[in-house]
Amino acid sequence: MKGEPKELRFTVNGKLYELKVRPKALLNDVLRKDLKLTGTKRGCLESTCGVCTVILDGKAVRSCSILALQANSHEVTTIEGLAQGDKLHPIQEAFINHGAIECGFCVPGRVMVAKALLDENPNPTREEIKLAMQGVLCADSGYVKFIEAIEIAAEKMRGGE
Amino acid sequence: MKDFEYFAPKTVEESLSLLSQYKEESKIIAGGQSMLVIMRQGLLAPEYVVDIKGITALDYMTYNEKEGLRIGALTTHRTIEKSPIIQKHFRVLSEMERNLATIQTRNWGTIGGNLCHGDPAGDPAPVLIALDAKLKLKSLSGERIIAMGEFSKDILEVDLEPDEMLIEIQVPTPKPYTGSAHEKLMVLQGDAGIVGAAVSITLKPGDGVCEDARIVISNAASVPLRVREAEKRLIGKVINYQSLAEASEVASAEADAPSDIHASAEYRSEMVKVFVRRASATALERAKIG
Amino acid sequence: MTEKEQKISGGGVIFREEQYLNKYSIIGKPMPRVDAKVKVTGEAKYAADIELPGMLWGKIARSPYPHARILHIDTSKAENLPGVEAVITGKDFGDFRWGWLGTTRDEEPLAVTKVRYMYEGVAAVAAIDEDTAEEACDLIEVEYEPLPGVFDPFEAMKEGAPLVHEDYPGNICSEYHWHFGDVEKAFAESYLVREDTFKTPRMAKGYIEPPAIVAEWPDSGRLTVWAAKGSPYFPYRILAKCFNLPLNRVRIIQPFIGADFGGTKNDMVSCDFAAVLLAKKTGRPVKIVYTQFEELTTCLRRHPFWITIKTGVTRDGRLKAIHTKVVSDGGAYTRMSPLTLYLSGVCTTLPYELPNYKADAYCIFTNNPSSAAMRGHGVYHTRFAADVQMDMIAEELDIDPVEIRLKNAVENPPPGKIYYTINKLTVATCGIKECIEKAAEAINWKERKRKEKIEGSIARGVGIGAGTFLSGARLSGHNACSAIVRVCEDGTVNLLTGASDVGQGSDTVMCAMVAEVLGLEIGDVDIKRVDTAHTPVDPGSYGSRVTVFAGDATKRAAEDTKRQLLEVAAKEFGVAPEEMDIKGKKAFVKADPSKSMPWWSLVRLACYTTPGNVIIGKGVSTKGIGPLSNWKTGVGDVGINYSFTAQVNEVEVDLETGAVKCTDNSIIAHDCGIPLNPMIVEIQVQGGAYCQGIAAALYEEFKMDKGLTLNPNLVDYKRARAYEAPMTKVIHVITDDPFGPFGAKECSEGSCVSAPPAIINAIHDATGIWIKEIPATPEKVWRALKEKEKIR
């Protein structure tokens, strides 16, 4: 039947969720409305701004451009899943300490892209960082401090201090 | 977005059954990176959506010298971009993918989805045409193989029957002394090109005469455009700067590029020249190396 | 930033002046923002994240015509759609109209008799979910009588052109004619006079968070709204008027906000009114979140300006006179166009000395979506024209662009002295000379001519732009601003101010000021999000006024608090309060610091000495009050002080395609008095230069066709992105302004002004072409190159 809710069973931030969703529901909707994980933002809904980015099976993807049901049996990580209690992820710390955050709206999506990048490539060149950042728009920062902060986080994650 | 009925088949056979059953009322969704946008805009409202993203059997890449490269339709752009096989033997594909949209899109979007969407500004189609690729299409009634160059029919229209699915992209092993390149005019990194050119040049070993040239232009027509007159200016010659310039002039005239909000016809035509020349020059350099 | 960080980062900063880094304990030091953690963990809630029980979703139904009479609306089909709870139209708001100024109330919440721009809202629906609301909007049947429209200001000004508003003849929204000195005489005496016309693009505001609102109005006559607003105080006043509510029952709560940049979120949009009325009608909370399409087609844009500038100079390049004629497209409604127009002229007399100045300015109504304020408001258009033309003049006279600027630059007045421009702007500090010198030195300006410019098909060039921006805009309306500091009995501090942190970092700066004055750590001070039920009224986050006005109020409130506490401490030590101070969380006698008590002891003492004393400090800033500048004559100060910026950029131009790229050779020297938090100043300067400045110079422009936006998405409307971003280095120039709190001036808009001319001048240096209509798209550059026969 059209629109009949179907079962969605997937892991978000390490926790297993089982719920019924309408087929047309986007992953972005389900995360924000059903799971109340509003850290992932809703921006353009047209695959252009990137603030909706989450990590799915280790890859950064736009949650506005994925049907929720496509996440069935997959592992999703959102911004809420990064910090461990009070201990922030090095990328989060670097963003804070390097003064890279302004209005913050693009930050969750950007952190997820950065995390996926550094998990895959612990020693990216500046160009690789810029290429990764291309998918998340910022209207205020000029991107400089974001790029520098990711370099700082990468060095820390590689064991430098 | 309108409601629809949703299926998530796990095998190709299951999908083909569904397509055969619902035909025009159904639409396949793979990565959905192009499709969801137009569904949200209300431009596309299928009654039945067949989600094939979960068919892992279509996510593969194999290569051997004899059969060439076989890419499953559900291989993501990112996989192609990063593949060591591709970077070694079909470098132009990796380069093209690196410039395609952004990482998030490439992580989830598939090559098959991109080709079936049929965007004349798309990058994979012209490159695959230049590489003389073929597509394997399948329905319940059987399989057929068509040349990549025959696939696009019009803007957002491809040669795919309502009950058919794209299964595989087949790229032949390039002959020795073949070089390929892809260049496009981007305002921002990852943009669809105002124009783009994909070129493959094969030289005869020994005298370096051009044995084959395939030049394909994107975003200058309703489909990726093969400019055969331009190719003729290169084939049979030892290519020099003069012949490159001549070929690009002919390509531009052949393309008869239109205007849109991003470029006037005059500018676009001029850019066809520039990018055919640039891509051909790079392809030629690579061909010489062998 | 640690030394290590500086090494790794490749140096986003060149120069942080040591003496100011250490003059204060907290002010002047780079410090993480107080709200950074909640933003980076996803905890921070923005308007669209708010959810209430029983909440409905709203949508606006919009006109498909840019200019039409509304003959009839039939909402019955929409009302009968299952899941729809309420439908409203413009008539439901009575004859309420609102406007940014009291005299320009020309806009209705939803159009009643006429629509004046494409997609103007005519009705709204509240339903159980978004898709149902959208479907219902499609079922609303509206009968229109399309009217001829005007879409170009020059056409709109002509005799017989269709009128957007019947009571504005000639479609003139606003006009000014100023004259200082005698420009004709000065031109006659000039060695060189040139006139050039420039154009700036119609731009999107650019914030990534679309307008969003959640309204709740159960039954008790109290309205509560969470909205993405640059200041809650505009909607609070306007909604009170619209719905006949007393101000004390209109509660606007400001969640975190995804940037503002001066328009739309600092003003009203249809969804604000609609959400409130739908909430009233249904008795349930209603949420409306705009789509990107609505944002890009209906929300306020930066005015496109046509600027004709005529300048006369002496033989050695000194300015004698400037005459500007500007025309801007105000779109369908007045909004704040009169202010934009005024600002487009007021700062033409800075940053260079100018003895004669004439300005003729027009803002014209058209049937395009309305234009309004945006970061770099008004000033950037004319300063762009003037600063590019200055390079043109320099070339004609064979003077170096840096030299000609230094020759004309206003000198930094010695302490206690003021420089007055001919239109009576009061400038106590002006670091422009130092900015220009330092920026030029940092990029190795002298080597510029000697380097090989062309490599293959790439030409390289370096350009300079210099600008100014007002700080602490003083405008009509309620300009006073206040703050409250409350000390809790355990010594922690609450700060309440109505100033909105829209991402520019004001919350951090306000907390830093309180901590500095009270001798605490910044972590001891907590600031609340603005909430009109609790925070004092504030004019709003625009006009670069928050640090200057709210900062002043905050500083006073902290000082008042300190006074109250020192009175108690003084009694304990048997001295006069003036003989004591608080630093490093200790109150001590200045003459004998061993006589001290820890902060927390003092607080306990103060709170508990007489049974229950409450320490609350109040501060009011009246900086904004006082004789306002006269927009008709152009005389008078628009700001409290003025920031100055010099910027140098290197570009690479592809001579075959016309594509322009910025290289990492990008330096901005910014005089903001004293950087209260250098880290915040840097990102503001970098961001303003790139996301608003270079974006206008190279990428952004709405393309219109008879009122229809042709590129209403972020693929076809090009935004400045990360890959193309130059890794700009910032130089802090210190001038310590006497009129700003702790010596501060603004730091968020100056670089929006300096960036565009720097890029256009760099393109000229690389290729010899002048792009006078920005953005300098590849095709525009290519055409100019063709004309100049530089095409290979």
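The values are calculated or read from the model by the stated rules, or taken from the named source; none is laboratory data. A quick note: this is a predicted structure, and the numbers were derived from the prediction, not measured. Heads up, the Cβs are rebuilt from the backbone with ideal geometry, glycines too, and the neighbour counts pull from every protein chain shown. To get the accessible areas, we keep the full protein, side chains included, count just its heavy atoms, and leave off ligands, DNA and RNA. Shrake-Rupley method; radii C 1.70, N 1.55, O 1.52, S 1.80 Å.
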Considering region C:300-316 alone, what residues qualify as being closer than 20 Å to residue C:339 by Cα, open to solvent by 10 Å² or more (accessible area, probe 1.4 Å) and β-branched (Val, Ile, Thr)?
C:308
Output the qualifying pairs, or none if there are none: Cβ atoms under 7 angstrom, residues six or more apart or on different chains, first residue in region C:683-694 and more than 7 Å from every other protein chain (Cβ to nearest Cβ), second residue of a type outside the set (Lys, Arg) and open to solvent by 10 Å² or more (accessible area, probe 1.4 Å).
C:684/C:504; C:684/C:747; C:684/C:748; C:685/C:747; C:688/C:748; C:688/C:749; C:694/C:662
Looking at (1) at the interface with another protein chain (Cβ under 7 Å from one of its Cβ atoms); (2) of a type in the set (S, T, N, Q); (3) crowded, with 24+ Cβ neighbours inside 10 Å, which is the one condition that is false for residue C:711?
(3)
Criterion first (within 14 Å of another protein chain (Cβ to nearest Cβ) and among the acidic types (Asp, Glu)) does residue B:183 satisfy it?
yes
Return the pairs, sorted by first residue and then second, in which the second residue is surrounded by 19 or more Cβ atoms within 10 Å (Cβ to Cβ), the first residue lies in region C:97-109 and is of a type in the set (Lys, Arg), the beta carbons are less than 8 Å apart, and the residues are 6+ apart or on different chains.
C:97/C:106; C:97/C:107; C:97/C:108; C:105/C:98
Looking at region A:115-126, can you tell me whether even one residue there is open to solvent by less than 10 Å² (accessible area, probe 1.4 Å) and of a type in the set (Val, Ile, Thr)?
no
Residue check, residue C:724 away from chain A (no Cβ under 11 Å), in contact with a Leu (Cβ under 8 Å, 6 or more places away or on another chain) and assigned to a loop (DSSP other than H, G, I, E, B):
no
Please count how many residues of region A:128-161 are open to solvent by 10 Å² or more (accessible area, probe 1.4 Å), more than 8 Å from every other protein chain (Cβ to nearest Cβ) and not small (Gly, Ala, Ser).
4
Scanning for something surrounded by 20 or more Cβ atoms within 10 Å (Cβ to Cβ), in contact with a helix residue (DSSP H, G or I) (Cβ under 9 Å, 6 or more places away or on another chain), over 22 Å from residue B:241 (Cα atoms) and of a type in the set (Gly, Ala, Ser), does region B:256-272 turn up at least one residue?
yes
In region B:48-73, residues that are buried (at least 23 other Cβ atoms within 10 Å of the Cβ), part of a loop (DSSP other than H, G, I, E, B) and within 18 Å of the chain's Cα centre (by Cα) total 1
Candidates C:326, C:346, filtered to the one that is assigned to a helix (DSSP H, G or I) and either open to solvent by less than 10 Å² (accessible area, probe 1.4 Å) or modelled with pLDDT under 95 (or both)
C:346
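Given the structure, is residue C:319 in contact with a Gly (Cβ under 9 Å, 6 or more places away or on another chain), crowded, with 23+ Cβ neighbours inside 10 Å and either at pLDDT 95 or above or aliphatic (A, V, I, L, M) (or both)? So that I can check it myself, show each step before the final result.
Working: in contact with a Gly (Cβ under 9 Å, 6 or more places away or on another chain): yes; crowded, with 23+ Cβ neighbours inside 10 Å: yes; either at pLDDT 95 or above or aliphatic (A, V, I, L, M) (or both): yes.
Here the answer is yes, as residue C:319 does meet what is asked.
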Quick one: which helices (runs of 4 or more DSSP H) lie wholly within region C:151-242 and hold at least 3 residues that are open to solvent by 20 Å² or more (accessible area, probe 1.4 Å) and of a type outside the set (A, V, I, L, M, F, W, C)?
C:183-189, C:233-242
Identify all residues within region C:243-263 that are touching a helix residue (DSSP H, G or I) at 6+ places or on another chain (Cβ under 8 Å), within 25 Å of residue A:49 (Cβ to Cβ) and part of a loop (DSSP other than H, G, I, E, B); write none if there are none.
C:255, C:257, C:261
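When you scan region A:1-116 for strands (runs of 3 or more DSSP E) that lie fully inside it, which ones turn up with 1 or more residues that are in contact (Cβ under 8 Å) with a residue 24 or more places away in the chain and more than 7 Å from every other protein chain (Cβ to nearest Cβ)?
Numbers: elements: A:6-12, A:15-21, A:53-56, A:59-62, A:75-77.
Output list reads A:6-12, A:15-21, A:53-56, A:75-77.
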Expected single match for within 22 Å of the chain's Cα centre (by Cα), crowded, with 24+ Cβ neighbours inside 10 Å and within 14 Å of chain A (Cβ to nearest Cβ) among C:530, C:509, C:548 is C:509
Kindly indicate which of C:452, C:396, C:411 is out of contact with any Asp or Glu (no Cβ under 7 Å at 6 or more places or on another chain), open to solvent by 60 Å² or more (accessible area, probe 1.4 Å) and without any contact (Cβ under 8 Å) to a residue 12 or more places away in the chain.
C:452
Taking the conditions exactly as written (open to solvent by less than 30 Å² (accessible area, probe 1.4 Å), over 28 Å from residue B:114 (Cβ atoms) and within 14 Å of chain C (Cβ to nearest Cβ)), does residue B:188 satisfy them or not?
no
Among the residues of region A:26-49, what is the count of those that are buried (at least 20 other Cβ atoms within 10 Å of the Cβ) and either of a type in the set (Gly, Ala, Ser) or at positive phi (or both)?
4
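May I ask you to say which residue of B:32, B:42 is surrounded by 19 or more Cβ atoms within 10 Å (Cβ to Cβ) and either part of a loop (DSSP other than H, G, I, E, B) or more than 11 Å from chain A (Cβ to nearest Cβ) (or both)?
Numbers: B:42 fails: surrounded by 19 or more Cβ atoms within 10 Å (Cβ to Cβ).
Only one candidate qualifies: B:32.
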Tell me yes or no: at least one residue of region C:473-485 is touching a Phe, Trp or Tyr at 6+ places or on another chain (Cβ under 6 Å) and not in a helix (DSSP H, G or I).
yes
Residues within region C:28-63 that are assigned to a loop (DSSP other than H, G, I, E, B), touching a Ser or Thr at 6+ places or on another chain (Cβ under 6 Å) and not aliphatic (A, V, I, L, M), tallied
1
